[in-house]
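Below you'll find the structure I mean.
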Amino acid sequence: MRFSIYSEIQQHPGQTPERLYAEVLEQVVNADRLGYDAYAVVEHFFFPKFSISTNPTAFFAAAAQRTKNIHFRTMLHALPYHNPLVLASAIAATDILTGGRYEWGVGRGHGWIPTKAGVPLDEHARPSYEEAVDLLFEALGSERFSHQGEYFHVEDSHVVPFPKRKFRIFLGGTSDRTYELAAEHGWGVAVPPLLPYVALAAQLDLYRAKCAEHGTTPDIVWIHACHLDEDRETALREARDWVTAFIQGNCSPLTEYDKPPADDLVKAGYGFYAAGIMEQLAATPFEQLVAEDYVWVGTPQDILARIAATREVCAGISELAITVNAGGAPHWMAIKNQELFASAVIPHVAG
């Protein structure tokens, strides 16, 4: 079992980008000292309450200069906003700059990004993404290659610098096809934060079944917002504001901005964002979020019980990742959560 930290680097009122990035870098250094296996950040654009993590590779190159052992992971590169061949080169360079500590995944990104980026929401969104995935891995796996597809035409190209090792790779999202692709290729999947197991049980069952069909091994990273204290009431009191703001930040692209047309979202394969699920989540009371396992809040013993219950129903979990610094949470609170999870939870799960 591996243990990691996941951050969206949310910017809420009262925070400046400069201070926020400085604090998150300090949290990475602390996570390295505590022995966490990896630090992961999302790649996201345009919506600050969701994330200002627009350039994870630069962030990790900076973090690598301050750390020794911790791995770095982009969760995930939003592939529709990159040329796959240019991204392949950036991945290879980032691996060099982090001393071989880089891991990454790819995804389509959230359904509210395309219109802000000038990318069409149409029936080409899914097939063009899947071809871009194929081309990305072709570029990373072959020193010379050509590609003739529907969306990309490449003659005798090559990636510089060319990567010298295989990467640990992930997909993430809510669509069935994401889980099928990961199983077919032997890649891991990252469970989106803020969703209880029941919300993705069908997709994870599909992933495990397809892994068995293709002879690959399930590799599931379970991500959950987490707040701890030795006293349960203190944990609940401290967590209320930042967990609520974390939820609101994740939902803010749909609740605070004009939504893309529902028909366009469905046509492009982003039906999840047209289903009203995020809006319902934004209206869910804090007590219900805790009780129904959207977030983990309580004593270390409470968190251990939640982890055990999750592992009971979800075979294939290889890594537990906690989110501790979202929703405008103060820096000291993020450090406290990292420390307490490392000292009072990890030893028991690992043992």
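The values are calculated or read from the model by the stated rules, or taken from the named source; none is laboratory data. A quick note: this is a predicted structure, and the numbers were derived from the prediction, not measured. Neighbour counts run over all protein chains shown; Cβ positions are idealised from the backbone, glycine included. Surface accessibility is based on the protein's heavy atoms, side chains included, excluding ligands, DNA and RNA. Shrake-Rupley method; radii C 1.70, N 1.55, O 1.52, S 1.80 Å.
Tell me which helices (runs of 4 or more DSSP H) are completely within the stretch 252-319 and hold 2 or more residues being open to solvent by 20 Å² or more (accessible area, probe 1.4 Å) and in contact (Cβ under 8 Å) with a residue 40 or more places away in the chain, or say none if there are none.
Fully inside the stretch 252-319 and qualifying: 262-267, 300-313.
Starting from residues that are polar (S, T, N, Q) and out of contact with any Leu (no Cβ under 6 Å at 6 or more places or on another chain), keep the ones in the stretch 1-31 and report whichever is modelled with the lowest pLDDT. Walk me through it before giving the result.
Taking the stretch 1-31 and keeping what is polar (S, T, N, Q), we get 4, 7, 10-11, 15-16, 27, 30.
Filter once more, keeping what is out of contact with any Leu (no Cβ under 6 Å at 6 or more places or on another chain): 4, 7, 10, 15-16, 27, 30.
Details: S4: 98, S7: 98, Q10: 98, Q15: 94, T16: 97, Q27: 98, N30: 98.
Within the stretch 1-31, the match that is modelled with the lowest pLDDT is Q15.
Also, quick follow-up: Here's a check for you: in the stretch 155-174, which residue that is outside any loop (DSSP other than H, G, I, E, B) and over 21 Å from A125 (Cβ atoms) is nearest to the chain's Cα centre (by Cα)? Break it down into steps so the answer makes sense when it comes.
Applying the first criterion (outside any loop (DSSP other than H, G, I, E, B)) to the stretch 155-174 yields 155-157, 169-172.
Filter again for over 21 Å from A125 (Cβ atoms), leaving 155-157, 169.
Values: E155: 33, D156: 34, S157: 30, I169: 12 Å.
Once the filter is applied, the top-ranked residue is I169.
Considering only the stretch 202-209, I want to know if a residue exists there that is surrounded by 21 or more Cβ atoms within 10 Å (Cβ to Cβ), out of contact with any strand residue (DSSP E or B) (no Cβ under 8 Å at 6 or more places or on another chain) and not small (G, A, S).
Looking for residues that are surrounded by 21 or more Cβ atoms within 10 Å (Cβ to Cβ), out of contact with any strand residue (DSSP E or B) (no Cβ under 8 Å at 6 or more places or on another chain) and not small (G, A, S), one finds none in the stretch 202-209, hence no.
Could you tell me how many of the residues in the stretch 320-351 are touching a residue at least 60 places away in the same chain (Cβ under 8 Å), of a type in the set (G, A, S) and part of a loop (DSSP other than H, G, I, E, B)?
Result for the stretch 320-351: 4.
Specify the residue that is surrounded by the fewest Cβ atoms within 10 Å (Cβ to Cβ); the eligible residues are those in the stretch 126-143 that are touching a residue at least 40 places away in the same chain (Cβ under 8 Å) and small (G, A, S).
S128
Further question on the same structure: Can you spot a residue in the stretch 110-118 that is over 15 Å from V42 (Cβ atoms), assigned to a helix (DSSP H, G or I), among the basic types (K, R) and out of contact with any Cys (no Cβ under 9 Å at 6 or more places or on another chain)?
Yes: one or more hits.
Do any residues in the stretch 189-205 that are under 14 Å from E292 (Cα atoms) and part of a loop (DSSP other than H, G, I, E, B) have Cβ atoms under 9 Å from those of residues that are among the hydroxyl-bearing types (S, T, Y) and at pLDDT below 85, where the two are at least six apart or on different chains, and which pairs are they?
L195/T174
Restricting attention to the stretch 19-30, does a residue exist that is closer than 28 Å to S157 by Cα, without any contact (Cβ under 8 Å) to a residue 12 or more places away in the chain and among the hydrophobic types (A, V, I, L, M, F, W, C)?
no
Right, here's the next one. Does at least one position in the stretch 48-70 carry a residue that is within 12 Å of the chain's Cα centre (by Cα), touching a residue at least 24 places away in the same chain (Cβ under 8 Å), assigned to a strand (DSSP E or B) and more than 12 Å from R101 (Cα to Cα)?
Among the residues of the stretch 48-70, not one is within 12 Å of the chain's Cα centre (by Cα), touching a residue at least 24 places away in the same chain (Cβ under 8 Å), assigned to a strand (DSSP E or B) and more than 12 Å from R101 (Cα to Cα), which makes the answer no.
So, in the stretch 342-351, how many residues would count as being at pLDDT 95 or above and either over 12 Å from P300 (Cβ atoms) or in contact with a strand residue (DSSP E or B) (Cβ under 6 Å, 6 or more places away or on another chain) (or both)?
1
Looking at L181, L121, L171, which one is touching an Asp or Glu at 6+ places or on another chain (Cβ under 6 Å) and either β-branched (V, I, T) or closer than 17 Å to G269 by Cα (or both)?
L121
Anything in the stretch 22-35 that is within 22 Å of H77 (Cβ to Cβ) and open to solvent by 10 Å² or more (accessible area, probe 1.4 Å)? List them, or say none.
Across the stretch 22-35, the qualifying residue is only L25.
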